[in-house]
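The values are calculated or read from the model by the stated rules, or taken from the named source; none is laboratory data. If you're wondering where the values come from, they're calculated on a predicted model, not measured in any experiment. When we count neighbours, we look across all protein chains shown, and the Cβ atoms used for this are built from the backbone with ideal geometry, even at glycine. SASA here: full protein model, heavy atoms, side chains in, ligands and nucleic acids out. Shrake-Rupley method; radii C 1.70, N 1.55, O 1.52, S 1.80 Å.
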Amino acid sequence: ALATNRQFSEVQACTLAVALLLGLFLPGIAAEWAVGKKLHLMRQLCSRVKRGDYRELLPVPNESSEGDAVDPVLALMRDMNWMARHIQIREQDITRMIDDLRQSREAVRAQNQFLTNVNEELLAAQAELQERTAELEAACRQMETMAMTDPLTAIANRRCFFEHLERHFAARICRCKPISLMILDIDRFKTINDTYGHQAGDRILMRLAEVIRESSRDKDLPARVGGEEYALLLPDTDSQEAIAVARRIQSKLAVSQFALDSRELATVVSITVSIGVCTMVTLPCWDRDKLYSYADQALYYSKNNGRNSISFYNPDTESIAEVRLN
């Protein structure tokens, strides 16, 4: 009995010792298990946040966080939920900003493309405008040339002649240079027209224009100022040079023959011209109309004194004399 009691007492003592040990260590183990589980949940949350998954947060009570100071792990879990929500909000804001930026870039790209297309259209329109402008300028020059050119003889017409005469007179005033004018008229041209027809007369008019152009200098201006009347403006030319040009014209015409078809047979004829020349050197005679009038008077002096001659009007003495060959 004593042995049995002793064994029972030992068992009770062991049981009591185990109970004491469990009482001492079991709360710590339970607490450690609970903290480890929460840490595992927090690690899972961090892993989800790194992947951008914010659908599941940490399970924490919804009550006020006044007791979080008692349980720091619970406070940490609440803070982690707060950070996860704010990270989600920031990511959403950044995503919206990226989308807005992408849309803005697409809008800018579309605007740039539109501006590029408009610029290309403007360049094309500018090129076409330049082409049209060049065409218009060429047409204007052609019209101006036509307006200043005799259509039959292709030399200057009356309008062009008098405009040049006006300009040369202004230049003469500035430079005090002499200026000469020669007026030519075909002798008995009406008889040629009546006998051989107007087409034959036109050939003679064209040939005379060629002779005048060939006999004059580059700075001179030949022009047709009337039916069979021509003028030759000789700027910076004294009387001796002007008479030399008139003699060249007469010499060329003297060796020129024209084959004209009459109503019955072909005939070879020669033509002559009467020429009037005037040169202005001194100051009193600045009037262009006087220059033309003086040369015209010299022309009629030649026609009234046998034709086929050169007459010179002297403005200083207001006299006309036929130029004789030396």
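Net charge near VAL49: determine it from the other residues with C-beta under 12 Å of the C-beta of VAL49, scoring Lys and Arg +1 and Asp and Glu -1.
My count for the surroundings of VAL49 gives +4.
In Å², and per residue, what accessible area does segment 206-270 have when probed at 1.4 Å with the other protein chains present?
Roughly 50 Å² per residue, with all protein chains present.
Treating cross-link reach as a plain straight distance, find the lysines whose alpha-carbon is under 20 Å from the alpha-carbon of LYS190, omitting any fewer than eight places away in the same chain.
Once the sequence-local lysines are set aside, what remains near LYS190 is LYS303.
Out of the total accessible area of segment 38-130 (probe 1.4 Å, heavy atoms of protein only), what percent is carbon and sulfur?
Result for segment 38-130: 57 percent of the exposed heavy-atom area is carbon or sulfur.
Ordered by packing density, taken as the mean number of other Cβ atoms within 10 Å over each peptide's residues, highest first, how do 192-202, 214-224 rank?
214-224, 192-202
Accessible area of segment 198-246 with a 1.4 Å probe: how many percent of it is carbon plus sulfur?
Ligands and nucleic acids excluded, carbon and sulfur give 43 percent.
So for segment 152-277, what are the equivalent ellipsoid semi-axes in whole Å, largest first, each being the square root of 5 times an eigenvalue of the Cα gyration tensor?
In descending order the semi-axes read 31, 15, 10 Å.
Pull out a ≥ b ≥ c, the square roots of the eigenvalues of the alpha-carbon gyration tensor of segment 115-209, then state rounded if a/c is under 1.5, prolate if not and a/b is larger than b/c, and oblate in the remaining case.
Cα axes put segment 115-209 in the oblate bin.
When the Cα centres of segment 102-117 and segment 149-228 are compared, how far apart do they sit, in Å?
Result: 67 Å between the Cα centres.
For ARG307, what charge total do you get from the other residues with a beta carbon under 15 Å from its beta carbon, if Lys and Arg give +1 and Asp and Glu give -1?
Taking every Cβ under 15 Å from that of ARG307, the sum is -2.
Using a 1.4 Å probe on the protein heavy atoms only, what accessible surface does GLU131 show? Give it in Å² to the nearest 10.
100
Could you work out the local net charge near ASN112, counting Lys and Arg as +1, Asp and Glu as -1, over the other residues with Cβ closer than 11 Å to its Cβ?
Summing Lys/Arg as +1 and Asp/Glu as -1 gives +1.
Please give the per residue accessible area of segment 123-164, computed with a probe of 1.4 Å over protein heavy atoms only, in Å².
71
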